[in-house]
Number of protein chains: 6
Amino acid sequence: MQLQLKTWQFVEDYLKTKTGIIIPIGSTEQHGPTGLIGTDALTAEMIARGAGEKAGALVAPTISVGMAQHHLDFAGSITLKPTTLIAVVRDTVVSLARHGFTRFFFVNGHGGNIATVTAAFSEIYAERSMERMSNQPSIKCALRNWWDGPGIKRLSAELYPTGEGSHATASEVALTWYKYPETIQRKEMEPRIAPTGSFADAEDYRRAFPDGRIGSDPNQATPEHGKRFYDTAVEEVARDYAAWVAK
Amino acid sequence: MQLQLKTWQFVEDYLKTKTGIIIPIGSTEQHGPTGLIGTDALTAEMIARGAGEKAGALVAPTISVGMAQHHLDFAGSITLKPTTLIAVVRDTVVSLARHGFTRFFFVNGHGGNIATVTAAFSEIYAERSMERMSNQPSIKCALRNWWDGPGIKRLSAELYPTGEGSHATASEVALTWYKYPETIQRKEMEPRIAPTGSFADAEDYRRAFPDGRIGSDPNQATPEHGKRFYDTAVEEVARDYAAWVAK
Amino acid sequence: MQLQLKTWQFVEDYLKTKTGIIIPIGSTEQHGPTGLIGTDALTAEMIARGAGEKAGALVAPTISVGMAQHHLDFAGSITLKPTTLIAVVRDTVVSLARHGFTRFFFVNGHGGNIATVTAAFSEIYAERSMERMSNQPSIKCALRNWWDGPGIKRLSAELYPTGEGSHATASEVALTWYKYPETIQRKEMEPRIAPTGSFADAEDYRRAFPDGRIGSDPNQATPEHGKRFYDTAVEEVARDYAAWVAK
Amino acid sequence: MQLQLKTWQFVEDYLKTKTGIIIPIGSTEQHGPTGLIGTDALTAEMIARGAGEKAGALVAPTISVGMAQHHLDFAGSITLKPTTLIAVVRDTVVSLARHGFTRFFFVNGHGGNIATVTAAFSEIYAERSMERMSNQPSIKCALRNWWDGPGIKRLSAELYPTGEGSHATASEVALTWYKYPETIQRKEMEPRIAPTGSFADAEDYRRAFPDGRIGSDPNQATPEHGKRFYDTAVEEVARDYAAWVAK
Amino acid sequence: MQLQLKTWQFVEDYLKTKTGIIIPIGSTEQHGPTGLIGTDALTAEMIARGAGEKAGALVAPTISVGMAQHHLDFAGSITLKPTTLIAVVRDTVVSLARHGFTRFFFVNGHGGNIATVTAAFSEIYAERSMERMSNQPSIKCALRNWWDGPGIKRLSAELYPTGEGSHATASEVALTWYKYPETIQRKEMEPRIAPTGSFADAEDYRRAFPDGRIGSDPNQATPEHGKRFYDTAVEEVARDYAAWVAK
Amino acid sequence: MQLQLKTWQFVEDYLKTKTGIIIPIGSTEQHGPTGLIGTDALTAEMIARGAGEKAGALVAPTISVGMAQHHLDFAGSITLKPTTLIAVVRDTVVSLARHGFTRFFFVNGHGGNIATVTAAFSEIYAERSMERMSNQPSIKCALRNWWDGPGIKRLSAELYPTGEGSHATASEVALTWYKYPETIQRKEMEPRIAPTGSFADAEDYRRAFPDGRIGSDPNQATPEHGKRFYDTAVEEVARDYAAWVAK
Ligand code: NI
Ligand code: NI
Ligand code: NI
Ligand code: NI
Ligand code: NI
Ligand code: NI
């Protein structure tokens, strides 16, 4: 149930029995020679929407640009500064809380968002903690990376014993190929499995990972893999959402 | 050409001959008893993508949440504070400028964004004006509301001699029905044509416009109208974009 | 009735029957070879004060520096960044609202302020909309450019069939010459009527408009014209203010 | 020489031989039962302009609203938050520095501004210190309260052996009466000399100083005193400015 | 080698051969019925200083207040908002980078800091990534929790098979008792091992963890344990620092 | 009574009879050829703790980094921007106010902090003044430089008839030598008594004061002097604190 495709009266009715909402958040950044710049937003969005359908939950519009400063040396990458992203998450949650939403479940497609979104939750709570807003309903936020469930981890280990990697991963490329088959392309990459390591700013990242990948061999991906990742992630995320809002 | 569906190497090639990009920006807010909460983002997105295709221009991911504080008394509406939206627009443009983009053409679906996005452009320019960044390429931003072309104005006058309105308009509803026919619904509304007037904050808005519409009779909309609006807007926006980047 | 020339007890009495206030806002920026750097603040101030007298309204001190980043390549121009100006407008309104003022009527002398001041109003409303401050009196803000009334438009068309322009206009120069006759000077300008067009940052502006004017021939101005503009603007602004606070 | 009454070409010429500018800064706040709300801005402005004339220095437009949170429980008072005022001072100085000004001499009319404006200077310097902007000309800022010269102190001691006070002072009231004789009024005040003491926020201030004055008996003021204060302050401020820019 | 106990000339010499610095960061928050409010800052500080001695590294002053909004319902806890802490970390690193430091190793005593400090690193990098500051030396930041080494994990498992917990842990209490034996106190706690779970804002935290502990039985701690934790942590942190700066 | 060494239950008890707290604030900056970089934080801390002991007051953790932009051209100096320091002071006070503290007594070791910390107090009050938070207990903040008492002034005049100076002063060096005797060192300095004068940013400071001292001859200091300064400052600060909280 996409919030964008509903009316305000629908939402008013929804809030009579439910107060949870799913919010997809991704990134817009290079994903290696063949991965899509939108990978992290597109995967978060498809899985959030699938899970929302399954769980009977509203799904907010996707926050498509996240914290991706380290990718800025590759053309097309866009970042919000952490403080900007904190403000975006804060305004989004505060707006929805006004209507009576109390549980905000962010489905995340980008590892680089985790710290900043977690800090944003604290920023939201801090306002309340510092003002002792005891007459307001308590709100809670959670961040759920789509790849964090045991099923996904199993699947990934099964399909890609090596070269899943941590950026431009085989699994995320598979997901996008499943939903956007017109974008499938394979290129020879050197080395086949990209190097791993840490990084600081954009120039440091590019020095370490010249074609953008970290630890991955995305040529292993297939759209059929993508379907399996999709089904598994939707299943697991929907289940986790349902359990979390029920707490 | 959606940026999200391209690779960084594609963008690097694109920048060898072009430096313009289209950025759709909308809003997430009530659109009357039958209009979609996502109307302004969805219309901006569909028209921006259509125009990008026609003009051979890259289209960035949609900024789906805009400045909609006045709609917050209707369930489901989300706003960014103006200062937050300014930061989002600023970071987006500065990120892209680093790659060599110099012309940023925002296709807008929401009247409430105009002042803030224009202020954001000034914020971006102000940094450069105050620092005399003369060794950097000059950048320019433009905001183009999809409904501002003469063709759209003509079509709107032809199809809706009365009751086009200024919020939850017949034309924007038609556009969403054309692309999302599964969302079509009509309800009796009282009065048939909503009142007009001004407003301040969310509670003031709701007092003046109890079902959310301003001046409109969206029941006049049809998906066929939507197609005509779509074709016209895409045509006009693509033409204006091409003329603007060529200046 | 200038707020600056009153006592707090006078204001306390005023608030027993009235809750509106006029706030002049201008800019400090080049106005071509002969126009005053203070033109926009001085014209806003004189008209706001005249209108306040006529309408029996208090007039706050003038916000003399506005959003003028595009003029910074001409000596003497000063700008606030949009986010700074938003904070100034916000603090001003919130301070006055504490005393019981509820209607804030900004008389504006500078086109470049419009977007930012409008965004500032939204910033003020957004705080209230996001917090559901229903136990507070509703406040409203309006922005009124002194040149926007029909009388001014008629007068301008009558006196300057060509060369009124949009920056360093003949009419604003006339207004300053009426009130500050010691500053009258005429210089030959080349071309007589300045070019028109758009602009981005300060360096872009100067490239396009080398002597600072846009579309104007200010040598047409006379102090007698200035008196007619002044009388008309005061009349129209006072009338609009009275109508607006009465709503 | 008021910057507002000059052209950009005048300023360009001025900068060929001088790089200093005087910036008046005041406040908009209650000044007891008879003192003007604009006292601090009006006195700073008149003295700054007088001193500018004497010293051949440009005088920027007055920053009329300062840091006056403690006066907000008296109708008509307006404050900027310290962080807002810091941004205003920063933008003003940075704008003028772009043109080649290097010495910024703030003539201050309000004790409550001192800490914040001093912090603003540090904010400006901090940007430069943290970035090692060694290729930029060095800039310096100074704050000069009009009442700080020995002549003023002598005059005040001579005219008001008791009851000069520290807010709504006899001397500042005298200054406004000299320049704005139409505002002269005397009222019996109880006690004749107001209490002294410290204060925190607005409500604390009002508890301690119920009619707004601190330590003063403004009924002692006369316009003739005002002239003497004016002449002395102009003389002393002009001299200090000249000495400071010459360093 | 504490930075606070050195002279600037010592630091200038140090920078001729080394460019790394250790920065302790903790928190000021309740630590259960017997744990010290300063636990997280004191443990980070003692271990950072010990490791600095061992590694021959300068140690900056401790950032004693961190992100602890969730503890605010217990008296004495202090928090910085995440955006404030980001600014503190940013200014600290930028100041030190000016002198030539390039490696910033934060030794952390508080789990609640991790997300915000990581976001702060991204904020610092983002400024550089967005501006393409290629002419500046590359800087890198790392965050090292004192409890993250294998030795500490082993020791904790050995000494506290149950009841180590995650807040007011037995190990951190032991560390403070080792260094501050005058603060040792034991109290009966109910239940002996505190509950575990998640939390949102301060009131939510207190509901879930009424005496402040999470999952721990701090009465198991002894100062002798503290010495073992101290020695192990110093050893491991020093080794990790040395390896990291050498990369 | 250091807050860091207490439990939350201790603080809860303390608040039953007392609502004041002492907060040491210093700086991390060069102090001449022999003075410690931590001088201002260490002296504020030792005196605050001594005074807290004497007055039976809790002492918060030291804010060790202050506003020291002007020292950044000397290795090892760290600064917070004024706006950052304002946020730190604000969050600290607001956190503690939530628990019931109402009197915040900052013991300061650095002249460069005075303006910014005073502005921070106003920022805190301004929030309350603008929102008319009349249902909250009134809070008050004070800043007390350790060197401001008459006893210290007498002692300084007695021990150092010349060369006390205003930065890297003989008295502050003596204090640090008393508490950190292992850091004692003397070096020949040229001139023996450093020059005096004003300064703007970091580079301006270094031009004027090449070895970092202002007006001082720190070689006069002895640890015995330090003890006398310490005893006197503790006595005076404790007395002033007690008087202030009793008001
Ligand atoms: Ni990814
Ligand atoms: Ni719309
Ligand atoms: Ni103008
Ligand atoms: Ni005054
Ligand atoms: Ni801890
Ligand atoms: Ni010092």
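The values are calculated or read from the model by the stated rules, or taken from the named source; none is laboratory data. Note that the coordinates shown come from a computational prediction; the quantities given were computed from them, not determined experimentally. All Cβ positions, glycine included, derive from the backbone under ideal geometry; neighbour counts span all protein chains shown. In case anyone asks, the SASA skips ligands and DNA or RNA and just uses the protein heavy atoms, side chains included. Shrake-Rupley method; radii C 1.70, N 1.55, O 1.52, S 1.80 Å.
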Matching residues in the range D:80-91 - criterion: being touching a strand residue (DSSP E or B) at 6+ places or on another chain (Cβ under 9 Å) and either under 17 Å from F:Asp201 (Cβ atoms) or more than 7 Å from every other protein chain (Cβ to nearest Cβ) (or both):
D:Leu85, D:Val89
Consider the range E:207-239. How many of its residues are in contact with a helix residue (DSSP H, G or I) (Cβ under 9 Å, 6 or more places away or on another chain) and open to solvent by 60 Å² or more (accessible area, probe 1.4 Å)?
6
Quick one: how many residues across the range D:173-196 are under 22 Å from the mean Cα position of the chain (by Cα) and either aromatic (Phe, Trp, Tyr) or under 26 Å from D:Gln69 (Cβ atoms) (or both)?
8
Is it the case that F:Thr222 is more than 16 Å from ligand 5 (Cβ to nearest atom) and either within 19 Å of the chain's Cα centre (by Cα) or of a type in the set (A, V, I, L, M, F, W, C) (or both)?
no
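One line per residue, one yes/no per condition, for (1) touching a residue at least 40 places away in the same chain (Cβ under 8 Å); (2) open to solvent by less than 10 Å² (accessible area, probe 1.4 Å):
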residue	(1), (2)
A:Leu96	yes, yes
A:Ile114	no, no
A:Ala120	no, yes
A:Cys141	yes, no
A:Arg144	yes, no
Quick one: in the range F:183-195, which of the residues that are open to solvent by 70 Å² or more (accessible area, probe 1.4 Å) and out of contact with any Ser or Thr (no Cβ under 7 Å at 6 or more places or on another chain) is farthest from the other protein chains (Cβ to nearest Cβ)?
F:Arg192
Scanning for something within 16 Å of ligand 1 (Cβ to nearest atom) and of a type in the set (A, V, I, L, M), does the range A:118-140 turn up at least one residue?
no
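With the condition kept exactly as written, say whether any residue in the range A:46-54 is more than 10 Å from every other protein chain (Cβ to nearest Cβ), among the hydrophobic types (A, V, I, L, M, F, W, C) and open to solvent by 10 Å² or more (accessible area, probe 1.4 Å).
yes
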B:Ile124 being more than 16 Å from ligand 2 (Cβ to nearest atom), β-branched (Val, Ile, Thr), open to solvent by less than 70 Å² (accessible area, probe 1.4 Å) and not in a helix (DSSP H, G or I):
no
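Given the criteria closer than 30 Å to F:Arg186 by Cβ, of a type outside the set (S, T, N, Q), in contact with a Leu (Cβ under 8 Å, 6 or more places away or on another chain) and away from ligand 2 (no atom under 16 Å from the Cβ), does F:Leu72 qualify?
no
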Subset tally (residues that are out of contact with any Lys or Arg (no Cβ under 9 Å at 6 or more places or on another chain) and not in a helix (DSSP H, G or I)) for the range A:222-247
1
Are any residues in the range E:161-171 more than 10 Å from E:Gly32 (Cβ to Cβ) and near ligand 5 (Cβ under 10 Å from one of its atoms), and if so, which ones?
E:Ser166, E:Ser171
Among the residues of the range E:63-79, how many are facing another protein chain (nearest Cβ under 7 Å) and either within 15 Å of the chain's Cα centre (by Cα) or at positive phi (or both)?
5
C:Ala97 - would you say it is modelled with pLDDT of 95 or more and either more than 7 Å from every other protein chain (Cβ to nearest Cβ) or within 16 Å of ligand 2 (Cβ to nearest atom) (or both)?
yes
Have a look at E:Thr39, E:Thr28, E:Thr17 and point out the one that is more than 7 Å from chain F (Cβ to nearest Cβ) and open to solvent by less than 10 Å² (accessible area, probe 1.4 Å).
E:Thr39
In the set B:Ile23, B:Ile86, which member is at negative phi and assigned to a strand (DSSP E or B)?
B:Ile23
Filter the range B:56-76 for residues that are outside any loop (DSSP other than H, G, I, E, B), open to solvent by 10 Å² or more (accessible area, probe 1.4 Å) and touching a residue at least 60 places away in the same chain (Cβ under 8 Å) and give the result.
B:His70
Within the bounds of the range B:60-83, is there any residue that is out of contact with any helix residue (DSSP H, G or I) (no Cβ under 6 Å at 6 or more places or on another chain), over 26 Å from B:Gly32 (Cα atoms) and hydrophobic (A, V, I, L, M, F, W, C)?
no
For the subset of the range B:146-182 comprising residues that are among the small types (Gly, Ala, Ser) and in a loop (DSSP other than H, G, I, E, B), which member is surrounded by the fewest Cβ atoms within 10 Å (Cβ to Cβ)?
B:Ser166
Quick check on the range F:48-63. Is at least one of its residues within 16 Å of ligand 5 (Cβ to nearest atom) and modelled with pLDDT of 95 or more?
yes
Regarding B:Ser216, is this residue in contact (Cβ under 8 Å) with a residue 24 or more places away in the chain and in a loop (DSSP other than H, G, I, E, B)?
yes
